[in-house]
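Peer 1: After the C-alpha cells below, expect a handful of questions from me.
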Amino acid sequence: MLMSKESVFPSSRGEALGQSETFLNFQEVLSRVAPVDRPVLLIGERGTGKELAASRLHFLSKRWQGPFITLNCATLSPSLIESELFGYEKGAFTGAESRRTGRFEAADGGTLFLDEIGSIPLEAQEKILRVVEYGSFERVGSSRPVEVDVRIVGATNVDLAAMAERKDFKRDLLDRLSFEVLFLPPLRYREEDIMLLASHFATRMSFELGRQEMPTFTETAVRALENNVWKGNIRELKNVVERAVHRSEGGVIDKIVFDPFISPYVIVPAADEENNKKGISNTYSPISNTAGLTLKEAVAELEKEMLQQALSICRHNQKKAAAHLGLTYHQFRGKLRKYSNALENHVDG
C-alpha cells in the first residue's frame, strides 16, 4: 500500500503521522467517509487522536471552508451543556443579560465535533436528535426555531450501544449518528509507528528547548519504548518522550521514565505516621534466623523478605517496589515469579 505525504508527515493541524498498515487502513476508511455528508462516530481509547481524526474528516469534506467547532461535553455540567450547544435568549435565566449563540449556530455550514458525546444528558440528546432530523432547534428561553446546516461528528471511549440498552443514551439518536462508526487503533496495534512518532516528538521538543543537536535514542531506549503497553496511547508517548528529551544531555536519549510519580525515596504512608511515633519501623528488618542455612538459602530468604517488605512499604505497587529495591520492573517481576510459592499473594498484583 502506498503512503501519501499527508499520512507520513504531520499536518499543520496535528500529528496525522504513521506508516503502519493499521494506521494507513484507518486513514483510508476515514478518507472514504469524509466526503459523505452524514454523521460519523469515532470510538477510541483516550489519547488515540479522536479530535485530530474529526478535524481530518472536516477538512476532507465538502464543508472544509466552513467552521470546525469543537465541544468537550465531559467538561460541562448537565445544566450548562444545553445553553452551550443551543445558546440562549436574554433573560432566559439569572445572569443571561444578552442573547448568546451556541455551538450549533457557530458551526452552521460546517462541522460540529462533540467529544465525549456519551456525557450529554438525555434532555439535550432530545434536542440534538431534532437538529439531526429537521435541521432546527430553539435557543434556551425561546420558542422561535433556528435553522442550521451542521454535520455532527461524535467521539467517545465508552460503549454507546450498551448505554442505549440501559436507556442512558437515546437509541434513536445513536441510530442517526452512526451512519459510519470508525474505531481508532490504539498505539499498541501500531508498533511500526512508535519510533516514528517518538522521533517526531523528540525533534520538536529539542527545537522548543533551543538545542542545536538532533536527538537520538539508544537501543535501550528504543526497546523500552517499543515494549511499553501505552495505555494512554499517543498522548502518553508524547509526554514520555518530551520528558526524556528534557532530562537528556548531549542529544542522546538513554533513560526513559514512564511513571514520573515513582519516588527514589521511601515514602512513608500518612496512615503509618502514628506507627513511626510509636517506634514501629516501616523499613527493612533483618531475617530473624539464618542458623543452619547455607549461604544460598540465606540469600534466598533475604531476597524474599526484602521483596515482601518492599511491597508492603509501597502499598503493593510493584513498579514503586522495584524502584525502591533498585531493580528494573522486569527484574522485580522475575524475582516474584522465582519465589511465587512464598509470595503468591503478590505475584499477580
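Values quoted throughout were computed directly from the atomic coordinates according to the rules given, and no laboratory measurement underlies them. Just so it is clear, the model here is predicted, and its values are computed rather than measured. Don't worry about glycine lacking a Cβ; one is built from the backbone with ideal geometry, like all the others, and counts go over all protein chains shown.
Peer 1: From the cross-link list Lys50/Lys238; Lys127/Lys231; Lys231/Lys319; Lys50/Lys90; Lys231/Lys320, which pairs have alpha carbons spaced over 27 Å apart?
Peer 2: Flagged as over cut-off: Lys127/Lys231; Lys50/Lys90.
Peer 1: Could you tell me whether the range 74-149 comes out rounded, prolate or oblate from its Cα gyration tensor? Rule is a ≥ b ≥ c as square roots of the eigenvalues, rounded for a/c under 1.5, then prolate if a/b exceeds b/c, otherwise oblate.
Peer 2: Oblate, since a/c reaches 1.5 and b/c is not below a/b.
Peer 1: If you don't mind, another one. Only bridges whose two residues both fall in the range 75-165 count here: according to DSSP, what percent of them are antiparallel, nearest 5?
Peer 2: Close to 45 percent.
Peer 1: With a 10 Å radius around each residue's Cβ, average the other Cβ atoms per peptide and rank 25-31, 105-111, highest first.
Peer 2: The most tightly packed comes first, giving 105-111, 25-31.
Peer 1: On to the next question. Under 15 Å from a point 7 Å along the Cα-to-Cβ line of Phe179: which residues of the range 34-76 have their amide N that close?
Peer 2: Taking a point 7 Å out along Cα→Cβ of Phe179, the residues of the range 34-76 whose backbone N falls under 15 Å are 34-42, 57-64.
Peer 1: Please compute the length gained on full extension between Lys296 and Phe59, using 0.36 nm multiplied by the number of residues separating them and subtracting their Cα-Cα distance.
Peer 2: 78.6 nm is the gain from fully extending Lys296 to Phe59.
Peer 1: Order of 323-334, 230-241, 61-72 by packing, highest average Cβ count within 10 Å first?
Peer 2: 230-241, 61-72, 323-334
Peer 1: At 7 Å along the Cα-to-beta-carbon direction for both Glu305 and Arg247, put a label point, then send me their distance in nm to one decimal.
Peer 2: Label at Glu305, label at Arg247, 3.2 nm between them.
Peer 1: At 7 Å along Cα-to-Cβ for each site, give me the label-to-label distance between Met214 and Met163 in nm.
Peer 2: 4.5
Peer 1: Once both labels are modelled 7 Å past Cα along the beta-carbon direction, what's the Asp37-Arg337 spacing in nm?
Peer 2: Each label point is offset 7 Å from its Cα along the Cβ direction, giving 5.9 nm.
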